[in-house]
Structure formats: C-alpha cells, structure tokens
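Enquirer: Take a look at the following structure, please.
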Amino acid sequence: MTTPQQETAAQFLASARRAGRAGPRIAGADRPTDLESALVIQRRIRELLGQEVGGWKCSVPSDARPILAAPIFASTIVRRSPCTVVASGATVKIEPEVAFVLGRDLPQRAHPYSEGEIRDAIAETRLVLELIGSRYADPGAATWAELMADSVQNQGLFVGPAISTRPDSALEAILITVSGPAGTLLTHEGRHGDGHPLRPLYWLANFLAGRGEGLRAGNIVTTGSYAGAIDVPLSQPLNIAFGDLGAIAIELQRAG
C-alpha cells in the first residue's frame, strides 16, 4: 500500500517518464523524506507503467547514500546500435560500467548469500553504458530520497560485449577512451568507485533477498561508473574502449 503522498509522487514521476522530458521536482508536500518511501515510489512507478524489471543499478552504501539500488526497466535495456535516448541538447550523459548477467535466481531466503554463491550465479560479465537522464530538470537540487524515487537518474542501459575475464579478476582500474570520427574525445584513468564491481552486486543480492524481492536469472546488474557521468555527442559513431577488455561501438540518437 502507498500513502497518498507516495501515490502522488509516483504518478508525477510516471507522467514525466511518459512525456520523455525533464521538469520540476515533486511538489514539496509529496516529496519522499526517507529512503523506504523512495523504494515504495520506485515500485509503484513500475506498476503504473506496466514495466518488468530487466536489471538493477547499485552501489555499496555510504554515509551520504545509505541505499543506492534502482530497477532498470526491461524495455529500456538495449543491445543494438543506433540507440535512442531522451536528450534536450546535442549531448547525452553516459557512464561506462561493468555489469553482471545472472544465470540463476537468487530469491528471498532467511540467511544471507555468501560471496561464493553470488559469484557462482553469474553467467556473463559484460561491458555496458548506463544511459543517464533525470526526470528532474535540476537533479542537483533534489534530495537523495527524491533521486532514489526517480531511480537515480537512470533512463536505460546499453549492453555491450561479454568479456572472458573472470568476475573476480582485477577489475578495480580500467582505462576508458571515448573516440569519434574526429579522433579521441576523452581519456580517463578509470577506477571503480567501490573498489571492485563485484562488491555492489554482493550487497544488492542480499539487500533484495532480505526485502522479499531477490534477483532473477537473466537480470543484468550494473555496479558503478569508471569515469563518472560523461557527456558524449549525439548522431555520430562512437567507440568506448575499456582498456584491453574490449570496446562498445554505438551511435546515440535523440528519441523522436
């Protein structure tokens, strides 16, 4: 059950997603003030939009962000280029990340999953780009609870190639290079914000299992950027190289 304030907030954000454009924050009286309310709003938005969960974004909790977990709608997970995105200018923000595709369910249970059990559930490790786009025109003004309610600015996920590297291999640091037709646009000595991309997955699997939700086979879990959120141009071929692990070739186009 949602409170009247949670329902109004969920309706507001669901409408913003349908409209495909950023706008004002949730009205003051209806803004979530705690993370439990934010999670309720996340779930209600999925119901209102009739969306299935295809994946999750997550990060290890910190003092500033006690929970960072947000569903990624299956309909927004893209595997072929060109990829359409919601954008207001000539660029869009992306985050180069490493994600894990589960080969089996990790459902609710009474005791926590071990790190070994979670690693054994991974079927693939893939290079991905999180597509960033807030429903708030000024996300910097929003509280963390408001950002969580809006799935922490997620608008989708572009899934790149699988890599042969074991999930528990050295993935702490990756050189990120973004190139376009005119040459190199950006080079970043990337480091994973949580030390290793497996750490957020370990946390998320037990967080969701403890809430009666769990992860499902086929879910893809993306675990944090190696370069922050970077602006890349629309309507031109791009190559995003992840050191010697591989690269994503993509063209991002504005949604009509």
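Where a number appears in this text, it was derived from the coordinates with a stated rule and is not lab data. Note that this is a predicted model, so its numbers are computed, not measured. Counting neighbours? That spans all protein chains shown, and the Cβs are built from the backbone with ideal geometry, glycine included.
Enquirer: So what is the 222 nm mean residue ellipticity for the chain from helices alone, if each DSSP H run of at least 4 adds -39500 (n - 2.57) and you divide by all residues, rounding to the nearest 500 deg cm²/dmol?
Expert: -6500 deg cm²/dmol
Enquirer: With a sphere of radius 13 Å drawn around the Cβ of Val78, what net charge do the other residues whose Cβ falls strictly inside it have (Lys, Arg +1; Asp, Glu -1)?
Expert: Details: positive: Arg79, Arg80, Arg126; negative: Glu130, Glu251.
It works out to a net charge of +1.
Enquirer: Would you kindly state how much longer the chain becomes between Glu172 and Glu7 on full extension, computed as 0.36 nm times their sequence separation minus their alpha carbon distance, in nm to one decimal?
Expert: Numbers: separation 165, 0.36 × 165 = 59.40 nm, distance 4.02 nm.
Extra length from Glu172 to Glu7 when fully extended: 55.4 nm.
Enquirer: Still on this structure: Would you work out the charge dipole size for the chain about its Cα centre, treating the Cβ of every Lys and Arg as +1 and the Cβ of every Asp and Glu as -1, and quote it to the nearest 20 debye? All intermediate terms of the calculation are to be shown ahead of the outcome.
Expert: Details: 24 positive and 26 negative charges, 127 e Å.
So the dipole magnitude of the chain works out to roughly 600 debye.
Enquirer: Another question, then. Take the Cα of Ala19, step 7 Å along the line toward its Cβ, and report every residue of segment 115-156 whose backbone nitrogen sits under 14 Å from that point.
Expert: Label zone hits: 134-138.
Enquirer: Looking at the square roots a ≥ b ≥ c of the eigenvalues of the Cα gyration tensor of segment 41-113, which shape do they give, rounded for a/c under 1.5, prolate if a/b is larger than b/c, or oblate? Numbers along the way, then the final one.
Expert: Numbers: a/c = 1.65, a/b = 1.49, b/c = 1.11.
Because a/c hits 1.5 or more and a/b exceeds b/c, segment 41-113 counts as prolate.
Enquirer: Mind listing the long-range amide H neighbours of Leu106? Cut-off is under 5 Å, sequence gap 5 or more, other chains count too, H placed in the peptide plane at 1.01 Å from N.
Expert: Leu215, Arg216, Ala217
Enquirer: In whole Hz, what ³J(HN,Hα) sequence does segment 13-22 give by Karplus (6.51, -1.76, 1.60; θ = phi - 60°), x for Gly and Pro?
Expert: 6, 5, 5, 5, 5, 4, 6, x, 8, 7
Enquirer: Run the numbers on the chain and let me know its relative contact order in percent, using alpha-carbon pairs under 8 Å that are six or more apart.
Expert: Numbers: 573 pairs, mean separation 68.4, N = 256.
Relative CO of the chain lands at 27 percent.
Enquirer: Please work out whether the chain counts as rounded, prolate or oblate from its C-alpha gyration tensor, where a ≥ b ≥ c are the square roots of the eigenvalues and a/c under 1.5 means rounded, while otherwise a/b larger than b/c means prolate and anything else oblate?
Expert: On the way: a/c = 1.79, a/b = 1.12, b/c = 1.60.
Judged from the Cα gyration tensor, the chain comes out oblate (a/c at least 1.5, b/c at or above a/b).
Enquirer: Through the Karplus equation 6.51 cos²θ - 1.76 cosθ + 1.60, θ set to phi - 60°, convert the phi angles of segment 116-132 into ³J(HN,Hα) values in whole Hz; use x for Gly and Pro.
Expert: Couplings: x, 4, 5, 4, 5, 7, 7, 9, 8, 10, 10, 7, 9, 10, 7, 9, 9 Hz.
Enquirer: Now for a separate question. Could you give the distance between the Cα centres of segment 142-221 and segment 2-81, to the whole Å?
Expert: The two parts, judged by their Cα centres, are 18 Å apart.
Enquirer: Give me, ordered by chain and number, the residues 5 or more places off Phe73 or on other chains with an amide H under 5 Å from its own placed amide H.
Expert: Gly54
Enquirer: Same structure, new question: Stretched out fully, how many nm does the piece from Arg79 to Asp231 gain, at 0.36 nm a residue minus the Cα gap? Provide the component values of the computation, followed by the final result.
Expert: Details: separation 152, 0.36 × 152 = 54.72 nm, distance 2.03 nm.
Fully extending the segment from Arg79 to Asp231 adds 52.7 nm.
Enquirer: Follow-up. Rounded, prolate or oblate: which fits segment 73-154 when a ≥ b ≥ c are the square roots of the eigenvalues of the alpha-carbon gyration tensor, with rounded for a/c under 1.5 and prolate only if a/b beats b/c?
Expert: Numbers: a/c = 2.90, a/b = 1.54, b/c = 1.88.
Oblate, because a/c is 1.5 or more while a/b does not exceed b/c.
Enquirer: Give the relative contact order (percent, whole number) for segment 162-211; include only Cα pairs under 8 Å separated by 6+ residues.
Expert: On the way: 39 pairs, mean separation 15.3, N = 50.
After rounding, I find 31 percent.
Enquirer: Here is a further query. Evaluate the distance, in nm, between pseudo-label points positioned 7 Å from the Cα of Glu189 and of Thr91 along their respective Cα→Cβ axes.
Expert: 2.3 nm
Enquirer: With θ taken as phi - 60° and the coefficients 6.51, -1.76 and 1.60, list the Karplus ³J(HN,Hα) couplings across segment 163-179 in order, rounded to whole Hz; mark glycine and proline as x.
Expert: Taking θ as phi minus 60°, the curve returns 10, 7, 4, 4, x, 9, 6, 6, 10, 5, 9, 9, 6, 9, 10, 10, 10 Hz for segment 163-179.
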